[in-house]
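Structure, as structure tokens:
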Amino acid sequence: AHLAALVLARGGSKGIPLKNIKLLAGVPLIGWVLRAAIDAGVFQSIWVSTDHDEIEKVAKQFGAQVHRRSPEVSQDSSTSLEAITEFLNHHQEVDIVGNIQATSPCLHPSDLIKVADLIQKEGFDSVFSVVRRHQFRWSEVKKGENKMTEPQNLNPAKRYRRQDWPGELYENGSFYFAKRHLIEKGYLQGGKVAYYEMRAEHSVDIDIDIDWPIAEQRVLSFGYFGKEPLKEVKLLVCSIDGCLTNGRIYVTEDHKEMVSYDYRDIVGIDLLKKRGIQVRLISDRDCSKTLSAMQLGCVAKVSVTNKLQVLKDWQEDMGLSWKEVAYLGNEESDVECLKQAGMSGAPADACAAAQKAAGYICKSRGGCGAVREFAEHIFLLLEKVNSARKQ
């Protein structure tokens, strides 16, 4: 049976404009679920259904095929079932649809593999995701009604302790798998139906703006970062002009150059050093006098014509794997280094090529806190590595 992953990503969003490709922890929101779907290895095809050019571009960058949905199923009032049905009408080869929500960035391949087994090997017609919650419910009393609220799932005289109560299962919206014959009858859940219980920490759904910073912390702690095991970063190489500085050069009347930098970035470098991470600086031009004046105490290489070769030399001299190397760059001359490093970042005002190659795009501009922000991103990764080791 042809099992297709389908992510519905309409361009319009009442809450957050173009929410589906807004950066979350440096990655477009839709990229987190596409990465999990691809690495699961259970789908014969992976699709994004969209009506927007930018979403189509991002989807293809992450390896998905694109179905351009019609205006009729791209309205605010359009349902997921309508969009999925339209997709099936255009793709007769598909037997089973795994509808994955773009707003569930903590989805892991292991979840998708188990669900595929339920529907392909155990014969279920539909499977959907749930999460266990320990919340006591009370009946609603509308204004003007002369009655009292009543307990729905508890006895107030004998309240359960959390550890003594199994809780209840709620849909979390991460995914809905269903066979074609069921969808064609107008159902996403039906026939021989099963639920799949996801871990609470993986159950993240972004609906409103206030959820974004919370989700960013959750995805850095519990998100799926790829097949390769995570390693501690031991070396950060930072491009000077445009990352550590804002790229502007001020020239005095006596032909002396001046640059500006953000003290927050200096603090970020110091914090990295205290965590045992070496920081080295690199530049296309000769800015040795500027570095001397800044007194950062970092190894630096200036007037570089081949940044990738310098990066490789440093990596080999320190005996590091690429997973232990981080790189922050902003120009086309940094692109190959960004692609090679295990962790890569670019300031918010970096060139398009650098942003495309980087794994993390900072909210801060170069010379305005980007180094400090990227340092914080590295620290969160270290916490994730340490947590994995304990497990």
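Observations, loosely collected:
- Length-normalised contact order of the range 1-157 in % [C-alpha pairs under 8 Å, at least 6 apart]: 27
- Packing-based ranking, highest mean first, of 81-87, 371-377, 323-329 given that Cβ atoms within 10 Å are counted: 323-329, 371-377, 81-87
- Accessible carbon and sulfur surface of the chain relative to its total accessible area, %, 1.4 Å: 48
- Average accessible surface area per residue within the chain, 1.4 Å rolling probe, Å²: 51
- Given charges at beta-carbon only (K, R positive; D, E negative), |dipole| of the chain in Debye: 1180
- Pairs of Cα atoms nearer than 8 Å and 6+ residues apart set the relative contact order; for the range 235-389 it is 27 percent.
- Local net charge near Gln152, Cβ-Cβ under 11 Å (Lys/Arg +1, Asp/Glu -1): -2
- Relative contact order %, the chain, counting alpha carbon pairs below 8 Å whose residues are six or more apart: 15
- Two-decimal Rg to Rh for the chain - Kirkwood Rh, Cα set: 1.06
- Legend: residue pairs Lys19/Lys231; Lys60/Lys312; Lys274/Lys384; Lys339/Lys363; Lys323/Lys356, Cα-Cα distance threshold 28 Å; pairs beyond threshold, Lys19/Lys231; Lys60/Lys312.
- For Lys158, the lysines whose Cα comes closer than 25 Å to its Cα, not counting residues fewer than 8 places off in the same chain, are Lys147.
The values are calculated or read from the model by the stated rules, or taken from the named source; none is laboratory data. Owing to the predicted nature of the structure, the values given are computational and were not obtained by experimental measurement. Glycine gets a Cβ as well: all are built from the backbone with ideal geometry, and neighbour counts include every protein chain shown. Heads up: the accessible areas ignore ligands, DNA and RNA and are worked out on the full protein's heavy atoms, side chains in. Shrake-Rupley method; radii C 1.70, N 1.55, O 1.52, S 1.80 Å.
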